[in-house]
Amino acid sequence: MSLLEIQGLAASYGKAVALESVSLQVQPGELVGVLGPNGAGKTTLLKAISRTLPSQGTLAFQGQSLHGREAHEVVGLGICHCPEGRRLFPELTVRKNLELGAYLRPSRAEVEADMEKVFALFPILRERLEQVVSTLSGGQQQFVAIGRALMGRPRLLLLDEPSVGIAHRLKIEIFDAIRAIAASGVAVLMAEQDAQNTLRVAERVYVLENGRVARQGSSAELAGDDHIRRIYLGV
Ligand code: ATP
């Protein structure tokens, strides 16, 4: 059984169709990329999964339908959504932002232990723990956003363009950390526009174009696909 099973998913904004008959699976611990141009429907797909946007079609997590569930119930089931634009609390410290990611779990010792796991991925956050988030660099803020999502102990992490607007050096660090998260057993579904890095770290990739899956396959397959090479890799 897939961890996440999506069949024939559709979503619209009024009369504008954003997703049409999307089918996609994620296995436990798998790192899956979703590539596509602006407006392809990547954000809409992640919002449909986290139930922050209504949708039609099959949407199941660990065999249970997500339809009819509220967004907070979906978090309780083990899906954490790290949205585009990070949505941190900019005037609070790194520590407070991370702690807020664990709000469903009151145990102080567990929270401390989970924070150590975040520091193992992003060592700079340990040094900046008492710093106000608005004074961090964009890349460091992205570390906090991913760290906060991990504090919720997800089984599936939804990442919306984690590398957008981030300097090249930190991008590499972010993609490597995402790979490490998946290697630790947390499945990741990541929407991205950076095709090169996505194909480098993801096991499988779906390409969304105009709200539909235009291509799918292993990263190795897609890296050799003419359409992908021309449109997404620019070679
Ligand atoms: P980007 O990479 O630019 O974030 P995306 O692939 O994430 O793009 P979506 O944000 O999912 O794409 O948008 C899919 C389509 O739905 C686009 O045509 C977009 O204009 C439209 N759309 C998104 N949000 C809304 C909204 N709140 N109201 C109306 N249309 C919307």
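Every residue in region 79-89 that is open to solvent by less than 60 Å² (accessible area, probe 1.4 Å) and in a loop (DSSP other than H, G, I, E, B), please.
Going through region 79-89, the residues open to solvent by less than 60 Å² (accessible area, probe 1.4 Å) turn out to be 79-83, 86, 88.
Across region 79-89, the qualifying residues are P83, R86, L88.
Looking at region 4-52 only, could you name the residues that are more than 13 Å from R212 (Cα to Cα), open to solvent by 10 Å² or more (accessible area, probe 1.4 Å) and either in contact with a Phe, Trp or Tyr (Cβ under 8 Å, 6 or more places away or on another chain) or away from the ligand (no atom under 14 Å from the Cβ) (or both)? Answer for region 4-52, where residues must be more than 13 Å from R212 (Cα to Cα), open to solvent by 10 Å² or more (accessible area, probe 1.4 Å) and either in contact with a Phe, Trp or Tyr (Cβ under 8 Å, 6 or more places away or on another chain) or away from the ligand (no atom under 14 Å from the Cβ) (or both): E5, Q25, Q27, P28, G29, E30, R51. With respect to the conditions (1) within 16 Å of the ligand (Cβ to nearest atom); (2) loosely packed, with under 13 Cβ neighbours inside 10 Å, S55 falls short on a single one, namely (2).
R126 meets all of the listed conditions (1) open to solvent by 20 Å² or more (accessible area, probe 1.4 Å); (2) in contact (Cβ under 8 Å) with a residue 40 or more places away in the chain; (3) farther than 29 Å from G39 by Cβ but one, namely (2).
Can you tell me which of A102, A145, A120 is surrounded by 14 or more Cβ atoms within 10 Å (Cβ to Cβ), at negative phi and assigned to a helix (DSSP H, G or I)?
Details: A102 fails: assigned to a helix (DSSP H, G or I); A120 fails: surrounded by 14 or more Cβ atoms within 10 Å (Cβ to Cβ).
A145 is the lone residue from the list that is surrounded by 14 or more Cβ atoms within 10 Å (Cβ to Cβ), at negative phi and assigned to a helix (DSSP H, G or I).
Checking each residue in region 215-235 for being out of contact with any Gly (no Cβ under 8 Å at 6 or more places or on another chain) and within 18 Å of V32 (Cβ to Cβ) picks out R215, Q216, G217, S218, A220, E221, L222, A223, I228, Y232. If you go through region 99-110 one residue at a time, do you hit one that is more than 20 Å from S184 (Cβ to Cβ), in contact (Cβ under 8 Å) with a residue 24 or more places away in the chain, among the aliphatic types (A, V, I, L, M) and within 14 Å of the ligand (Cβ to nearest atom)? The answer is no, given that none of the residues of region 99-110 is more than 20 Å from S184 (Cβ to Cβ), in contact (Cβ under 8 Å) with a residue 24 or more places away in the chain, among the aliphatic types (A, V, I, L, M) and within 14 Å of the ligand (Cβ to nearest atom). Considering the conditions (1) farther than 17 Å from V186 by Cα; (2) in a helix (DSSP H, G or I), G76 is excluded by exactly one of them, (1).
Entry remark, region 164-207: residues being touching a helix residue (DSSP H, G or I) at 6+ places or on another chain (Cβ under 6 Å), surrounded by 19 or more Cβ atoms within 10 Å (Cβ to Cβ) and not in a helix (DSSP H, G or I) number 6 in total.
The values are calculated or read from the model by the stated rules, or taken from the named source; none is laboratory data. Since we're looking at a predicted model, the values are computed, not measured. Don't worry about glycine lacking a Cβ; one is built from the backbone with ideal geometry, like all the others, and counts go over all protein chains shown. Ligands, DNA and RNA are stripped out before the accessible areas are found, and what is left, the full protein with its side chains, is counted by its heavy atoms. Shrake-Rupley method; radii C 1.70, N 1.55, O 1.52, S 1.80 Å.
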